[in-house]
Amino acid sequence: MDMSKLKALENRVQIITVIEKAALFGGDIWQNRAGEPNRHVSQIIQILVDIKSDFLVLRTPTVVEIDPNKPIYIRLSYRNLIFRLFPGEFKVNGDKITCHYPEEARALEERKGERYVLPFNSDISLSLKRVERTLRETTYEMEIRIIDVSERGFGILISGQNKDYFKKNDSFWLKSIDHKPLRHDILGSVCYIAPKGYYLKRGDVRVGLSLQMPLAQETFEYLKRKCIIVLSA
């Protein structure tokens, strides 16, 4: 992650607002061990927020091993929000970390436009082909379920057996949407790969796709009519 792209959030209200939106997408925990650079400790698969009590609960897949005498770093998948917690600002209890909202945080700038969430059982998909990483590699076209859509991107769900198909910053060609071929393929890239939400099957991952050009208006309107929830980006 290029830290130069992250901007300091201006105030506490903005920090709380972004974290609430991030609660759906999980994240990662990092900690600096003696004589070692920051290393990945665990994924975050669930984020519970309690504004009245002013605290967060970060849930991990298994019991997490963290040194309570050293700071931890939290990176949430939504907008790559990052903040640091010092000793005494967090508590570890098995697979849960409890902390107050941070006083300072950095994140990518907010996307323009809104995201339209599709019904979980809609089974609307897109077809794409990843660009080969090496000259020797051969990739194949894959049909993938859409979770949400914006004018220039998608949130998609990839099953556990195919979760290694994408890596962050991979490029791809978008070929069709809901089994309808596009007039022209659209080039895009992977902007994040998030751990599964607690409500999804074990091993599934959520992937964010960014397109280099907006969807055709009729295609975008078609998907918007299928949505059940509208989220600010």
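The values are calculated or read from the model by the stated rules, or taken from the named source; none is laboratory data. As the structure is a prediction and not an experimental result, all values here were calculated from the model. Virtual Cβ from ideal backbone geometry, glycine too; neighbours counted across all protein chains shown. Ligands, DNA and RNA are stripped out before the accessible areas are found, and what is left, the full protein with its side chains, is counted by its heavy atoms. Shrake-Rupley method; radii C 1.70, N 1.55, O 1.52, S 1.80 Å.
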Kindly indicate whether Phe90 is surrounded by 12 or more Cβ atoms within 10 Å (Cβ to Cβ), out of contact with any Lys or Arg (no Cβ under 7 Å at 6 or more places or on another chain), over 29 Å from Leu174 (Cα atoms) and aromatic (Phe, Trp, Tyr). yes
Flagged in segment 125-176 as open to solvent by 60 Å² or more (accessible area, probe 1.4 Å) and touching a Cys at 6+ places or on another chain (Cβ under 9 Å), in numbering order, are Lys168, Asn169
Residues in segment 77-118 that are of a type in the set (D, E, K, R), part of a helix (DSSP H, G or I) and closer than 16 Å to Leu58 by Cβ: how many? 0
Breaking point among (1) closer than 20 Å to Lys226 by Cα; (2) open to solvent by 90 Å² or more (accessible area, probe 1.4 Å); (3) touching a residue at least 12 places away in the same chain (Cβ under 8 Å), for Phe120: (3)
Find all pairs meeting these conditions: Cβ atoms under 6 angstrom apart; at least six residues apart or on different chains; first residue within segment 80-91 and farther than 11 Å from Ile29 by Cβ; second residue polar (S, T, N, Q) and in a strand (DSSP E or B). Lys91/Thr98
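Each row is one residue, and each column tells you yes or no for (1) within 16 Å of the chain's Cα centre (by Cα); (2) in contact (Cβ under 8 Å) with a residue 40 or more places away in the chain; (3) within 24 Å of Leu209 (Cβ to Cβ).
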| position | (1), (2), (3) |
| --- | --- |
| Ala8 | no, yes, no |
| Ile29 | yes, yes, no |
| His40 | no, no, yes |
| Ile51 | no, no, no |
